[in-house]
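Before any comments, here is the structure.
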Amino acid sequence: MGAGKSTVDLTGAYAQGFDATIEGGVRQATVLLPSEIGVKAKAEGGLGKTNAEGLKKVGDSYVNDAYGESDVNLSVDVKGSVGEINLKVV
């Protein structure tokens with residue numbers, strides 16, 4: 001992702017888990033995450049802040065309610081340079 005606002009939609013029905021790495025530039029990055037399969041997300045935002053809607057903080061990561069309960073899990077690593085990172089379970 002580059003400068004400005006960007007949205008990455010990782011929602012959907014997945015038969016198997018996967019790892020995703022998202023690298024952002026400046027300003028604002030929003031990552032939409034599924035609610036019905038397990039999600040563990042790490043977000044590092046340089047000078048900005050991280051918002052994690054629908055997730056709880058566990059150690060240095062954020063997890064949704066399905067994490068640890070679901071047969072399928074996603075691991076998401078979001079790296080931002082300066083701006084804001086929004087993780088949102090939908």
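The values are calculated or read from the model by the stated rules, or taken from the named source; none is laboratory data. Here the structure is a predicted model, which is why all the values come from computation and not from measurement. Every residue, glycine as well, gets a Cβ built from its backbone with ideal geometry; the counts of neighbours run over all protein chains shown.
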_Residue selected from the range 75-88 under the condition surrounded by 21 or more Cβ atoms within 10 Å (Cβ to Cβ) and of a type in the set (A, V, I, L, M), by the criterion nearest to I37 (Cα to Cα)_ = V76
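Only one residue in K88, K79, K57 is without any contact (Cβ under 8 Å) to a residue 60 or more places away in the chain, more than 19 Å from D9 (Cα to Cα) and not aromatic (F, W, Y), so which one is that?
Values: K88 fails: more than 19 Å from D9 (Cα to Cα); K79 fails: more than 19 Å from D9 (Cα to Cα).
Within the list K88, K79, K57, the selection yields K57.
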*Assess whether T7 counts as being touching a Lys or Arg at 6+ places or on another chain (Cβ under 9 Å), outside any loop (DSSP other than H, G, I, E, B), at pLDDT below 95 and not hydrophobic (A, V, I, L, M, F, W, C).*
no
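Return the only residue of G12, G48 being of a type outside the set (F, W, Y), crowded, with 18+ Cβ neighbours inside 10 Å and assigned to a loop (DSSP other than H, G, I, E, B). Please lay out each step first, then the result.
Working: G12 fails: crowded, with 18+ Cβ neighbours inside 10 Å.
Going through G12, G48 in turn, just one is of a type outside the set (F, W, Y), crowded, with 18+ Cβ neighbours inside 10 Å and assigned to a loop (DSSP other than H, G, I, E, B): G48.
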_Residue in the range 16-40 that is modelled with the lowest pLDDT, counting only those that are among the hydroxyl-bearing types (S, T, Y) and assigned to a strand (DSSP E or B)_ = T30
